[in-house]
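Structure record follows, encoded as structure tokens.
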Amino acid sequence: MVDELRRLVTESDNIVFFGGAGVSTESGIPDFRSVDGLYNQQYDYPPEIILSRSFFKKNPREFYRFYKNKLLNEHVKPNAAHIALAQLENAGKLKAVITQNIDGLHQMAGSVNVLELHGSIHRNFCMKCAATHGMEIIKTADIPLCGCGGLIKPDVVLFEEQLDNHVLMQAIKYISQADMLIIGGTSLSVYPAAGLVEYYTGNKLVMINNDPTPYDRRVNLLIRDSIGKVLEEAWN
């Protein structure tokens, strides 16, 4: 299987990678829907409620208590998958990384063209004056406020919010033009992000995932294994 992946990569010059939470779990970041993920933690409210825009506006203190405990994974490091993808981009073959993750690990590993469908924990902005802030301000108070007094919101897409249209259009452009699309670490169950796969029209659709997905029967190469292990082995 890895030999076939290596062959497809060798024959391709316009590769796009589309990844989800499974890419970052190998760095120690919990998956929302895994057995040990955030959906199975005990909080006063379920995560999908806490991480909604309406909850953020009504109860920012509880939102930030959960957010800082569970999503500010600032000390994690890129794993073999992130590093392998950065190497592939540096070699000129990988044109874009499209990620559902908000941790910034692809950039930390050296990837440059990263489209973050759900935003990033490393960016924050004031809801009153639109001033931008780094991660440090989130850690300074139970409810972080801008100098103007406005509430600061992480630049992440919460439940009840739409994806950034510009990022979405860029993702569609890269996927529709790709001669090879590698999907990894995603259940392909979160829309509209999962629907992006429909824009790929080539015949080099690769799925690398530990668990089954709705697209498994449609791919040209299916590898049921750790994405970090597979990508590291394929490039070396």
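The values are calculated or read from the model by the stated rules, or taken from the named source; none is laboratory data. What you are looking at is a predicted structure, and each value in this text was computed from that prediction instead of being measured. Note that we place each Cβ from the backbone using ideal geometry, even for glycine, and neighbour counts take in every protein chain shown. With ligands, DNA and RNA removed, areas are computed over all heavy atoms of the protein, side chains included. Shrake-Rupley method; radii C 1.70, N 1.55, O 1.52, S 1.80 Å.
Side notes on the structure shown:
- Looking only at region 104-136, residues that are under 18 Å from the mean Cα position of the chain (by Cα) and within 16 Å of residue 158 (Cβ to Cβ) come to 8 in all.
- Scanning region 124-170 for residues that are closer than 21 Å to residue 68 by Cβ, hydrophobic (A, V, I, L, M, F, W, C), modelled with pLDDT of 95 or more and not in a loop (DSSP other than H, G, I, E, B) turns up 125, 126, 145, 151, 152, 156.
- Meets criteria (on the phi > 0 side of the Ramachandran plot, outside any strand (DSSP E or B), of a type in the set (A, V, I, L, M) and modelled with pLDDT under 95) for residue 196: no
Here is a yes/no grid of residues against (1) open to solvent by less than 40 Å² (accessible area, probe 1.4 Å); (2) out of contact with any Lys or Arg (no Cβ under 6 Å at 6 or more places or on another chain); (3) among the acidic types (Asp, Glu):
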position	(1), (2), (3)
92	yes, yes, no
100	yes, yes, no
103	yes, yes, yes
107	no, yes, no
121	yes, yes, no
127	no, no, no
133	no, yes, no
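- Selection over region 183-235 of residues that are open to solvent by 60 Å² or more (accessible area, probe 1.4 Å) and either closer than 23 Å to residue 89 by Cα or not polar (S, T, N, Q) (or both) gives a count of 16.
- So residue 143, is it in contact with a Pro (Cβ under 8 Å, 6 or more places away or on another chain) and either among the hydrophobic types (A, V, I, L, M, F, W, C) or more than 22 Å from residue 20 (Cα to Cα) (or both): yes
- Remark: pairs (first residue in region 148-175, on the phi > 0 side of the Ramachandran plot; second residue open to solvent by 60 Å² or more (accessible area, probe 1.4 Å) and of a type in the set (Lys, Arg); Cβ separation under 7 Å; 6+ apart in sequence or on different chains) = 149/128; 160/53.
- Number of the condition not met by residue 38 [criteria: (1) open to solvent by less than 20 Å² (accessible area, probe 1.4 Å); (2) in contact with a Pro (Cβ under 8 Å, 6 or more places away or on another chain); (3) modelled with pLDDT of 90 or more]: (3)
- Tally of residues being open to solvent by less than 60 Å² (accessible area, probe 1.4 Å) and more than 23 Å from the chain's Cα centre (by Cα) across region 138-148: 5
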